[in-house]
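Take a look at the structure set out below.
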Amino acid sequence: MKKIRDLSKKQKIIFLVTLSVIGIIVIAILTCILFFIFTAKQNEYSTELMEDDNIIEENNKIEEDIMNQEKITSEDSEPEEENEIITNAPSENCTIKFGKLMLINPNFTVDNDFIYSRRGELVSISELYGIEEGNPYNGDNLLDPEAATHINDMVRAYETDYPGHTLETRSCFRAVGTKCGRLCAATGASDHHTGLTCDLIDPVYGTSLDTDYYNQHIEWQWLKANSYKYGFIDRFPEAWAGGPMSEPLNVDENGSTGLYETWHYRYVGISAATDIATGKYNNGEYDSLEHYLKAHGLVNDLKNGTCE
Ligand SMILES: [Zn+2]
């Protein structure tokens with residue numbers, strides 16, 4: 001091969017032109033390759049963006065669906081408050097899902113898991129509202145938060161109507177049952193496991209829980225007449241005790257409780273309390289929670305502890 005300097009002038013020009021042409025072609029090819037790579041990347045990116053857009057659009061649609069669903073649900077649901085579930089505590093008892101209307105008695109029992117889990121959902125009414133627990137052995141007076149605000153309103157109304165008087169608790173929530181015969185319920189069968197109940201007394205009359213003695217005083221009459229306005233009921237009225245107190249404890253299929261406790265007040269919400277106190281399903285006479293739940297169609301068999 002000849003060296004460049006040995007080429008003639010014409011050959012040198014042809015060589016340079018050829019070299020330039022080759023150079024231009026190479027640059028053109030490289031430009032094309034880069035262009036294709038860039039375009040491909042762009043397409044990939046816009047596909048990703050489109051996918052993102054689709055995801056955002058899909059999420060928006062799901063959120064819209066949820067909002068519509070909530071709207072339909074809230075339009076469909078009745079304004080009544082009683083079936084709202086207020087506890088996540090586990091139990092086989094079918095009434096637990098009734099929320100404030102939950103029924104615990106010897107035929108509708110709960111297990112220890114329920115009792116200990118329920119305790120975690122409660123607040124102290126002595127800490128929150130200064131309502132005293134009269135018996136130091138009972139520990140803190142724990143109550144469901146909604147029931148707690150209502151019991152505070154009720155106690156303040158009582159104090160206003162009877163200056164110099166107040167209401168104290170003699171235990172609200174209880175983790176264990178009591179053993180004192182007919183007046184007491186075993187662990188798993190006590191209304192005090194609901195976190196919606198307090199035994200109430202006016203300390204002016206002493207601290208003894210004597211049904212007949214307590215019955216003579218104004219706090220019993222005031223509570224019986226007014227508590228439903230605050231969502232509370234006389235949980236074990238005399239008329240539903242099912243006979244003299246010497247008989248054995250018996251919750252029957254008609255709704256008799258087997259108990260008579262003038263101091264035992266239970267939160268069920270204002271709507272249900274009004275129905276129970278005004279005897280909506282009991283010819284205008286004070287109802288029992290058991291009878292009310294059956295008449296209301298929520299409980300199927302009071303004796304065997306089954307729901308509809
Ligand atoms: Zn009680």
For Thr262, what residues show an amide H to amide H distance below 5 Å, using hydrogens built from the backbone and excluding near sequence neighbours? none
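Using a 1.4 angstrom probe, figure out how much accessible area the stretch 221-308 has per residue, in square angstrom, rounded to the nearest whole.
39 Å²
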Give me the distance in nm between label points sitting 7 Å out from Cα along the Cα-to-Cβ direction at Lys9 and Asn304, one decimal. 12.3 nm
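In whole angstrom, how long is each semi-axis of the equivalent ellipsoid of the stretch 94-307, when you take the square root of 5 times every eigenvalue of its Cα gyration tensor and sort them from largest down? Each step should come with its number before you reach the end.
On the way: eigenvalues 116, 76, 59 Å².
Value: 24, 19, 17 Å, ordered largest first.
What is the gain in length, in nm to one decimal, between Val21 and Tyr213 on full extension, counting 0.36 nm per residue of separation less the C-alpha to C-alpha distance?
My answer for the length gained is 57.1 nm.
Over the stretch 94-307, calculate the relative contact order: mean separation of alpha carbon pairs under 8 Å at least 6 apart, over the residue count, as a percent.
Details: 412 pairs, mean separation 42.3, N = 214.
In percent, rounded to a whole number, it is 20.
The values are calculated or read from the model by the stated rules, or taken from the named source; none is laboratory data. This structure is a prediction, so every number in the text was calculated from the model and none was measured. Heads up, the Cβs are rebuilt from the backbone with ideal geometry, glycines too, and the neighbour counts pull from every protein chain shown. Please note that ligands, DNA and RNA were not included when accessible areas were found on the heavy atoms of the full protein model with its side chains. Shrake-Rupley method; radii C 1.70, N 1.55, O 1.52, S 1.80 Å.
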